[in-house]
Amino acid sequence: MAYIEFKNVNKEYKMGEVCIKALENTSFEIEKNELTVIVGPSGAGKTTTLNILGGMDTLTSGSVIIDGKDISKLNKKGLTNYRRNDIGFVFQFYNLVQNLTALENVELATQICTNSLNPSDVLKQVGLESRLNNFPSQLSGGEQQRVAIARAIAKNPKILLCDEPTRCSRL
Ligand SMILES: Nc1ncnc2c1ncn2[C@@H]1O[C@H](COP(=O)(O)OP(=O)(O)OP(=O)(O)O)[C@@H](O)[C@H]1O
Ligand SMILES: [Mg+2]
């Protein structure tokens, strides 16, 4: 059994009469310690897939088994714990807290999870040791992205999900 099993997943967004099929019978498996890249055109369902894997969106049908557990069957508390301790997520548009510094943004994430790494050390690893006390608006796009990457890594998660972590432009 693979560490991640994404099985026959369908995700539909219903907007009045219109039904958008974001994912249609999507299946894949990922082993432990594997680096996987999902590629596809804009609107193909990459973000939807990552959001479901990260426990941030629900699926319409199918199953998502992580380490033998079906996360689509977790209750609210189970999902919160899963997101808190198992998942590190680098968002497509960073989602930094604007009135917190780079260091505080990373500390905020590490304070709520077990087994986290030292925030300053991780920011140093991404080359931001001289930007710890800057707010996001005082950082370049790439620097903000590195804070977002540090925030995800510092949780020391079991699964690191990165939504276009090397794209620098904001649409
Ligand atoms: N909340 C939503 N409500 C309705 N439709 C949505 C919603 N979120 C995504 N979609 C639709 O689902 C499809 C997949 O979207 P998704 O964001 O997963 O694409 P993507 O592959 O990440 O694209 P991009 O490369 O542009 O980021 C798109 O057609 C999108 O319009
Ligand atoms: Mg996307």
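Given the residues LEU123, LEU132, which is the only one that is aliphatic (A, V, I, L, M) and over 20 Å from LEU161 (Cα atoms)?
Every option except LEU132 fails the conditions.
Just checking, which of VAL64, VAL18 is in contact (Cβ under 8 Å) with a residue 40 or more places away in the chain and over 27 Å from ARG146 (Cα atoms)?
Exactly one of VAL64, VAL18 is in contact (Cβ under 8 Å) with a residue 40 or more places away in the chain and over 27 Å from ARG146 (Cα atoms), namely VAL64.
Condition (residue is more than 16 Å from ligand 2 (Cβ to nearest atom) and over 23 Å from ARG83 (Cα atoms)) applied to segment 142-149: is it met by at least one residue?
yes
Only residues that are hydrophobic (A, V, I, L, M, F, W, C) and within 11 Å of ligand 1 (Cβ to nearest atom): list them for segment 20-69, please.
ILE20, ALA22, LEU23, ILE38, VAL39, ALA44, LEU50, ILE52
Just wondering, is there one or more residues in segment 68-90 that are surrounded by 13 or more Cβ atoms within 10 Å (Cβ to Cβ) and within 16 Å of ligand 2 (Cβ to nearest atom)?
Yes: segment 68-90 contains one or more residues that are surrounded by 13 or more Cβ atoms within 10 Å (Cβ to Cβ) and within 16 Å of ligand 2 (Cβ to nearest atom).
Helices (runs of 4 or more DSSP H) wholly in segment 39-127 with at least 1 residues that are outside the structural domain of LYS155 (by TED's automatic domain parsing) - which ones?
Because the criterion is at least 1 residues that are outside the structural domain of LYS155 (by TED's automatic domain parsing), the helices (runs of 4 or more DSSP H) in segment 39-127 that meet it are 46-53, 76-85.
Being touching a Gly at 6+ places or on another chain (Cβ under 9 Å) and acidic (Asp, Glu) is the filter here; which residues of segment 110-162 pass it?
Within segment 110-162, GLU143 is the sole residue that qualifies.
The values are calculated or read from the model by the stated rules, or taken from the named source; none is laboratory data. Keep in mind that what you see is a predicted model, and the values were worked out from it rather than measured. Here Cβ is always computed from backbone atoms with ideal geometry, including for glycine, and neighbour counts include all displayed protein chains.
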